Amino acid sequence: MEWMETSPEIADEIDAMIRKHGISAVRETVTLFKKSSSSTLTEHDIEREVAKRLSKYITQGLVQLSIERVRTTNEFQSSLRDSKAPYTVVLHTLLPLNLPEYTPRITFALKAGPTEIWRTESSFAIRSLVNLKDTRITLEENKLKEFRFGSLSAAMSIYLKKEQMEGAIHSFNRDLTVPGMMAKEEKQQGENSPNVSS
Amino acid sequence: MISDVESMKANLRGKGSFWISAGFFLLIMAILSSSLVVPCLSATIPSPVSARHTPAITPPAPVANFSADITTGSSPLTVHFSDASLNTPTSWVWDLDGNGRIDSQVKDPVYTYREPGVYSVTLTVNAGAGTDIETKKGYIVVTRSAPGPVAGFTSDITSGTAPLTVRFSDQSTNDPYSWEWDFDSDGRIDSREQNPSATYKSPGSYSVRLIVTNKAGADEMTRGKFITVQSSPETPAQASPVTPTKATPVSTIPPTTIRPSHPLTTSPAVMDTGNEAPDFMLFLVLFISAALVAAAYLLIRSRSSCSSGNETQELHLELSGGIDYGGELPPVIDPAEILQPGDSREKKG
């Protein structure tokens, strides 16, 4: 299972965050790059790419850690059956899941040919609390084969990590969609779902 | 015949020294070329920097110290203090008169002590790593101000027939160190000697003024109509009524004392003086030509090096990234991509 698509809500939040704060590494990189290269690469180009990557990483971390946390819940454990046939369980209400902190990072490298001549990195610490409802999981021989978020809301705080300190630069609390995994697709694909129970 | 042989030897020596000089010049230019090209390349490619792995360094604590340009003198005494603290402090607090109050917060203050006394000086320096205090007790000693001078003078005679030579005697007190005499009160200084003499050539009454100066100040004394010069039938009219008899000495060197330090012809081994100028001109022309050629070559070489470096090593920016889960999950490593201007590709899984 891979969730490579970005939540549009998270992308909106990251765009707003970068517009508001900027990223010092981006400015640093652009300054150095313009001095050393004739390229027309702009700060906006880099910021856009940073926003895109960061949104993707935050979404991916949120999804992966949510699944890991769901695995540990009583609801999930009690839904395990000694069945070789695949079956699907809907977890209607889960307690809020406090996800462990994870750290997306973006690395900027200035290269001349294959030689790296300068590098810097921006790391962000993500702390989040997730509420899930109607989470649909498909199991086969006690292994998770499919995971679909029913309703996902998250309170997230994004911290910019520096060498000896970190500071919160953005927070939000909103419902999130994970494209391809939400109710619309779920309804379309629900007809093909095997045994569904709650 | 012998002189011809010696002349040839001399010419050969001259040309040999020329080629040695030219070779030496080319060697220097080669060294310079390497030093020109390397900065060119190094300016193109900045040195690698890793912002992530920069270790945290705790700066050492500052050590306060200072000095002063003068520590003893009479009031008012202006003292220039110089910070000599170690480990680059970022702030300075000075108590310059020992009264416990802050007198200055600059690095190198200037302070004027107006009252006599013995003063302690305290410097407190601060840096990120801590604070240090240095106190020098009784560091500045200010004595009472020296008294100003009092001008006074006399002369051996005060009247006579022209031309009248008068010898003046300074009687100023409190150790003046300069004297300015105006023998006829025309506003111009006629002598700077302590005890000058002057000759009055025209009849009349002359006021004399003396200005004396010491460390504490200046004073002047003017004696009106102090010198009276009577006319003499044989005294011709003079453009200047008075002249100091002792002119300011001027050092002159008699023309006869000027001698060339090195005679041009001292021995037969020296180059023929008749050929020296053309040989030197030839050497100069060749030297300048070689310098121009070498400079042009180096310029072309350094430019081609720089431009080829830019062409072959055009810089580009790569972005990569990933997710660290802190051991909760295996880290995600996203491959690097070269970022292009206006790149708006949507990367989907």
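What whole-number distance in Å separates the alpha-carbon centres of segment B:99-162 and segment B:71-97? About 12 Å separates the Cα centre of segment B:99-162 from the one of segment B:71-97. Note on surface exposure: A:I117, A:I169, B:I338 rank B:I338, A:I169, A:I117 by accessible area, highest first, 1.4 Å probe.
Database remark: amide H of B:F66 closer than 5 angstrom to the amide H of B:A84 (H placed geometrically; neighbours at sequence offset of 5 or more, or on other chains; Pro and chain starts carry no H).
Taking segment B:134-172 and a reference point 7 angstrom along Cα→Cβ of B:V118, the backbone N atoms nearer than 17 Å belong to B:135-144.
With the simple model of a label 7 Å out from the Cα in the direction of the Cβ, B:L329 to B:V110 spans 6.8 nm. Measuring between alpha carbons in the structure, the pairs from A:K34/A:K56; A:K34/A:K161; A:K35/A:K111; A:K20/A:K52; A:K35/A:K162 lying more than 21 angstrom apart are A:K34/A:K56; A:K34/A:K161; A:K35/A:K162.
Accessible area buried by the pairing of A and B, both sides summed with a 1.4 Å probe, works out to roughly 3800 Å². Measuring with a 1.4 angstrom probe and ignoring ligands and nucleic acids, B:V106 comes out at about 80 Å² accessible. For segment A:118-127, the Karplus equation 6.51 cos²θ - 1.76 cosθ + 1.60, evaluated at θ = phi - 60°, returns couplings of 6, 8, 8, 9, 10, 10, 10, 9, 10, 10 Hz by residue, with Gly and Pro reported as x. Ligands, DNA and RNA aside, B:T213 has an accessible area near 30 Å² when probed at 1.4 Å. Converting phi to 3J(HN,Hα) with the Karplus coefficients 6.51, -1.76 and 1.60 and the offset θ = phi - 60°, segment B:184-189 yields 10, 6, 9, x, 9, 6 Hz in sequence order, with x at every glycine or proline. Phi angles across segment A:145-152 convert, under the Karplus curve 6.51 cos²θ - 1.76 cosθ + 1.60 with θ = phi - 60°, into 3J(HN,Hα) values of 9, 8, 9, 10, 6, x, 10, 10 Hz, Gly and Pro given as x. Rg then Dmax, both in Å and based on the Cα atoms of chain A: 20.2, 65. Note on B:D279: accessible area is roughly 40 Å² with a 1.4 Å probe, heavy atoms of protein only.
The values are calculated or read from the model by the stated rules, or taken from the named source; none is laboratory data. Small disclaimer: the values here were computed from a predicted structure and weren't measured. Neighbour counts run over all protein chains shown; Cβ positions are idealised from the backbone, glycine included. Quick note on the areas: whole protein, heavy atoms, side chains included, nothing else; ligands and nucleic acids left out. Shrake-Rupley method; radii C 1.70, N 1.55, O 1.52, S 1.80 Å.
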